[in-house]
Amino acid sequence: MPTLAIVGAGPGLGLSIARVFGAQGYSVALIARSRSTLDSLVAGLPGVDAAGYPADIMDRPSLVDAFKEIAANHDPVEVLEFSPAPRGPEPGLVLAGPLDVSVANVQPHFDFYVHGAITATGQVLPGMLERGTGTLLYTTGPHAVTPAPAMGNVGMACAALRNWVLNLHDALADKGVYAAHVPLATDAEPDAIAPHYWRIHTAGEGGEHLLSPEALRSTREL
């Protein structure tokens with residue numbers, strides 16, 4: 001049974017993506033900081049082979065350990081979906097406009113988004129390359145593509161992640177592994193967005209998929 005691993009799983013989009021892939025026969029491994037959150041997510045996936053693995057993305061050894069547990073309890077990860085997002089005030093993760101960006105307030109965002117993505121990817125990519133198959137999906141907000149002054153420091157980190165993913169997409173093009181950046185630019189319900197992730201995975205084309213209201217409408221019209 002192929003495995004979907006979601007880093008930054010939550011009760012919104014993460015749970016909806018888990019349901020979509022679970023309905024397609026995937027085992028689902030959910031990674032989040034809180035055991036209570038994970039237990040609630042697993043309970044919301046009846047009929048799906050799902051399990052939760054606590055890890056703090058800012059604590060990279062704990063993230064590595066979570067993937068070791070996943071490897072021990074599931075078949076190899078076929079799809080990695082990386083979409084951590086602060087769900088309220090987080091120590092160190094503050095917003096700063098361009099004039100207020102500093103090393104102190106931008107570094108935590110690089111730790112959260114860029115270093116977190118690199119760490120998670122490093123746990124599954126070698127196996128994908130060995131098998132010659134796999135999908136890596138990285139979700140950010142639209143500020144990774146279009147600058148938003150209010151998110152000056154966050155945008156820098158997400159843009160750096162986007163740059164790496166687009167390069168990763170090109171580097172993996174002839175190796176059977178697919179990588180793509182998914183910037184979310186819509187407040188649509190998670191259940192309306194999640195099926196698009198399945199389509200991105202199965203099509204395996206393009207290094208970036210902007211999910212906007214227009215994109216979702218055009219998908220429904222297909």
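Antiparallel DSSP bridges in region 3-221: what percent, to the nearest 5? Could the numbers behind the result be given before it?
Numbers: 1 of 29 bridges.
Roughly 5 percent of the DSSP beta bridges within region 3-221 come out antiparallel.
Tell me which label goes with the value of semi-axes √(5λ) of the Cα gyration tensor in Å computed from the coordinates here: [x] 27, 21, 15; [y] 25, 20, 18; [z] 30, 19, 18.
So the structure-derived entry is [y].
Along the Cα-to-C-beta direction of Glu69, a point sits 7 Å from the Cα; which residues of region 1-16 have their amide N less than 16 Å from that point?
Inside the label zone: 5-10.
Ranking Met156, Met58 by Cβ neighbours within 10 Å, fewest first, what do you get?
So the residues, fewest neighbours to most, are Met58, Met156.
Which of the three applies to region 104-171, rounded, prolate or oblate, going by the alpha-carbon gyration tensor with a ≥ b ≥ c and a/c under 1.5 meaning rounded?
prolate
Need the full-extension length gain, Phe110 to Ala192, defined as separation in residues times 0.36 nm minus the C-alpha distance. One decimal, nm.
Details: separation 82, 0.36 × 82 = 29.52 nm, distance 2.95 nm.
Length difference between fully extended and current span is 26.6 nm.
For Glu205 and Thr146 in one chain, what is 0.36 nm times their gap in residues minus the Cα-Cα distance, to one decimal in nm?
The span from Glu205 to Thr146 would gain 19.0 nm if fully extended.
Report the residues of region 143-175 in range of a label on Arg131: point 7 Å along Cα→C-beta, backbone N strictly under 17 Å from it.
Only 175 fall inside the zone, counting backbone N under 17 Å.
Choose one answer from Pro76, Pro190, Pro91: the residue with the largest mean-square fluctuation in a GNM of the chain with alpha-carbon springs under 10 Å.
Of Pro76, Pro190, Pro91, the most mobile in the Gaussian network model is Pro91.
Quick one: among Asn73, Asn163, Asn153, which has the greatest mean-square fluctuation in a GNM of the chain with alpha-carbon springs under 10 angstrom?
Between Asn73, Asn163, Asn153, it is Asn73 that shows the largest mean-square fluctuation.
How much net charge surrounds Ser27 when only other residues with a Cβ under 11 Å from its Cβ are counted (Lys, Arg +1; Asp, Glu -1)?
Overall, the nearby charge balance is -3.
From the square roots a ≥ b ≥ c of the eigenvalues of the alpha-carbon gyration tensor of region 101-222, which class results: rounded (a/c under 1.5), prolate (a/b over b/c), or oblate?
In terms of gyration-tensor shape, oblate.
By its C-alpha gyration tensor, with a ≥ b ≥ c as the square roots of the eigenvalues, how is region 146-216 shaped: rounded for a/c under 1.5, else prolate for a/b larger than b/c, else oblate?
Taking the square roots of the gyration eigenvalues as a ≥ b ≥ c, region 146-216 is oblate.
We did not get these values from a lab; they are worked out from the coordinates using the rules stated. Keep in mind that what you see is a predicted model, and the values were worked out from it rather than measured. Please note: Cβ atoms are built from the backbone with ideal geometry, for glycine as well, and neighbour counts cover all protein chains shown.
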